[in-house]
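Contents: one structure, followed by commentary.
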Amino acid sequence: MAKVLILIGSNSDRVFFDDAAQYANYFGLDFELEVISAHRDPDKLRIRVARAEEEGTDVIIAAAGMAAHLAGACAAQSILPVIGVPLPNSELNGLDALLSTVQMPTGVPVATVAIGKVGARNALVLAAQIIARKEPEIGHKIREFKARGSRL
C-alpha cells in the first residue's frame, strides 16, 4: 500500500488534518501523522525523515505555521517528494508560513499547497496523484474524485 508521512509542527495543528483519514482511505493511502518540530527537535526530525525513506514512504506532507520551516527541513534531508502545507497560526493568517514554505533554494524543492485546511486536503490529493504514476488503481480513484467535482 502507498505510504504517506504527515508531519505537523505542534499538537494544535492536528485540527487541519482531522479529515486526513477520510481522504487517505478514499485514495487507498496508508498514512502516519506525527508531531515533530524542525526547530525544537531537529535531531528527531532528521532521524524520522531517514526512517521514512527506509520504510518505503512515498511522499512526506509537512505542515507548520508562522515562519516555521518543517517542509524545507524535510526536503533538505530527503529525496522523497515533500508537500508543504502552510498553516494560519499567526497574525499574518499564514502568509508568513506560505512564504517560508514556497521560497526554497535551488535543489531543495517543496511543492506548496494552499494555506490551512484546504491545503491539507489538497496535499493528500497531490500525494495520491504523485503515487498514481506507479499505482494505477489510485489513478482511477483520482479520476473518479475529480469527476464528482473533487468531493468525497
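Bear in mind that the values in this text are calculations on the coordinates, not laboratory data. All of these numbers come straight from a predicted model, not from anything done at the bench. FYI the Cβ positions are ideal-geometry reconstructions off the backbone, even for glycines, and counts take in every protein chain you see.
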Check your understanding: Extension gain L95-E144, at 0.36 nm per residue separation less the Cα-Cα distance, in nm?
Key -> 14.4 nm
Study note, to complete from the structure: Tilt, helix 117-132 to longest principal axis of the chain (alpha-carbon atoms), in degrees rounded to tens, equals 60
Review point. In µm²/s, what is D for the chain at 10 °C and 1.306 mPa s, where D = kT/(6 pi eta Rh) by Stokes-Einstein and Rh is the Kirkwood radius from Cα pairs?
Key: 104
Practice item. Taking the Cβ of each residue in L87, L45 as the centre, tally the other Cβ atoms inside 10 Å and list the residues starting with the fewest. Key: L45, L87
Check your understanding: Among T101, T112, T106, what is the fewest-to-most ranking by other Cβ atoms within 10 Å?
Key -> T106, T112, T101
Review point. Debye sum, Cα scatterers, the stretch 59-144, no solvent: what log₁₀ I/I(0) at q = 0.10, 0.14, 0.16 1/Å?
Key: -0.25, -0.47, -0.59
Exercise for review: Kindly provide the trypsin sites (Lys or Arg not before Pro) of the stretch 43-152 that DSSP labels as loop, not H, G, I, E or B, and whose Cβ sees at most 13 other Cβ atoms within 10 Å.
Suggested key: R133, K134, R148, R151
Study note, to complete from the structure: Rounded to the nearest 10 degrees, the helix 42-54 long axis (Cα) sits at an angle to the longest Cα principal axis of the chain of 20
Review point. According to a simple spin-label model (label point 7 Å from Cα along Cα-to-Cβ), what is the distance in nm between I79 and V102?
Key: 2.9
Practice item. Determine the shape class of the stretch 1-68: with a ≥ b ≥ c the square roots of the Cα gyration tensor eigenvalues, call it rounded for a/c under 1.5, and otherwise prolate if a/b is greater than b/c, oblate otherwise. Key: oblate
Check your understanding: What is the order of V85, V4, fewest Cβ neighbours within 10 Å to most?
Key -> V4, V85
Check your understanding: What value, in deg cm²/dmol to 500, does the helix sum -39500 (n - 2.57) over DSSP H runs of n ≥ 4 give at 222 nm once divided by the residues of the chain?
Key -> -13000 deg cm²/dmol
